1. Between Phe114 and Phe196, how many nm apart are label points set 7 Å from Cα along the C-beta direction?
2. Given points 7 Å out from each Cα along the Cα-Cβ axis, report the Thr123 to Arg147 separation in nanometres with one decimal.
3. Give me the number: length gained by fully extending Asn77 to Phe304, i.e. 0.36 nm times residue separation minus the C-alpha to C-alpha distance, one decimal in nm.
4. Go ahead and collect, in residue order, the members of the stretch 174-217 whose backbone nitrogen is under 13 Å from a label point 7 Å along the Cα-Cβ direction of His159.
5. Please work out the Cα center distance from the stretch 94-165 to the stretch 231-289, rounded to the nearest Å.
6. Output ³J(HN,Hα) for the stretch 259-269: one whole-Hz value per residue in order, computed from phi by the Karplus curve 6.51 cos²θ - 1.76 cosθ + 1.60 with θ = phi - 60°, and x for Gly and Pro.
7. Using a simple spin-label model with points 7 Å from Cα along the Cα→Cβ vector, what separation in nm is obtained for Met179 and Ala282?
8. Quick query: amide H of Ala134 versus all other amide H atoms, modeled in the peptide plane; which residues come in under 5 Å with a sequence gap of 5 or more or a different chain?
Amino acid sequence: MTWGEENGKLGLCQGKRDGTEVGINGYVYDAVSGDNDVIGEPDGKTGGYDGVGWAGQVISTYPYVPLIHFLEKKMININLTGKTALVTGGNSGIGRAIALSLAQAGADVALTYFSNPGEQTITAIRSLGRNSMALRMDATDSAEVNRVVPELARGLGGHINILINNAGYFVGRVPVGEMNDEHWHRVINVNLNSVFYCTRAVLPFMHTGWGRIVNMSSLAAHNGGGTGAVAYTAAKAALLGFTRGLAKELAPKGITVNAVAPGLILGTPLHETFNTEEGRRAAIATIPLKRGGVPNDVAGIVLFLVSDLAGFITGEVTDVNGGAWFK
């Protein structure tokens, strides 16, 4: 379904096949459709894809833009004007939704990517009047991280206020009894060591007094994940400990550190590559809200955590899973 106007009130309305359903403040929201998505136009005529999701459900067609207008409708003021942000892995999926949401709130946003440059994301951010740039970076290579991050910081005016450690990858399902050292180390490098490398490289550019770091964990850190996901689960669980320890270390500098643990988020590389339609159906059946999440479900929480509204929150883990798991 799409967020939209119904009888003058904020409500839910069915997405049309041509993607032209008018949403909040006259904007049209695009579908979770990968390369087929487009930014909604104020005239209410430019739509996205068909809005039809996996398992036959119609999923929300507001995963990328413009989340900030929904927040405005709810009379929540999140203003990041003058702030700068770095989103690792910001070229697709959750990272892209976060990058666009930060830009919509007024921040200048830099991205890193590994394989897909994400020119559409950069173009979208610049169309909002924000400064943006993207550089390729292997976040598992500390020397490369130490080279790329200062270059991105210079492009953002010499400082980075917000760091979103989003880069990560599932790699593959391998039972422990069949796992070689290479697989274990690759998963740990991609999902844990990369966060350490990026955080260490950014801190010299995150000036004392105001800073935000958000680390992307996973529901697997809580429930153990699925079959063959022990290495991934271990990395994402360790990331929670890293978050809490770093929160204490950086609190005197006015920098908050939090984590987000998404559950089933449709329209992301992980579930497109390592899950099946049958698996998605089965997962949705166990979710109390009876739908899979979309990237903007995660982006909304991240936007809150980096705002002044969350200035007294640090060391916390926010779960975004539709009720699939409770603390």
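Laboratory data are not the source of any read-out in this text; all were calculated from the coordinates shown. The model shown is predicted, which means the values in this text are computed figures rather than measured ones. Cβ coordinates were reconstructed from backbone atoms using ideal geometry, including for glycine residues, and neighbour counts include every protein chain displayed.
1. Distance between label points: 1.7 nm.
2. 2.9 nm
3. Working: separation 227, 0.36 × 227 = 81.72 nm, distance 1.00 nm.
Contour length minus Cα-Cα distance gives 80.7 nm.
4. Correct set: 204-212.
5. 20 Å
6. My calculation for the stretch 259-269 gives 10, 10, 10, x, x, 6, 10, 6, x, 10, x Hz in order.
7. 2.0 nm
8. Leu111
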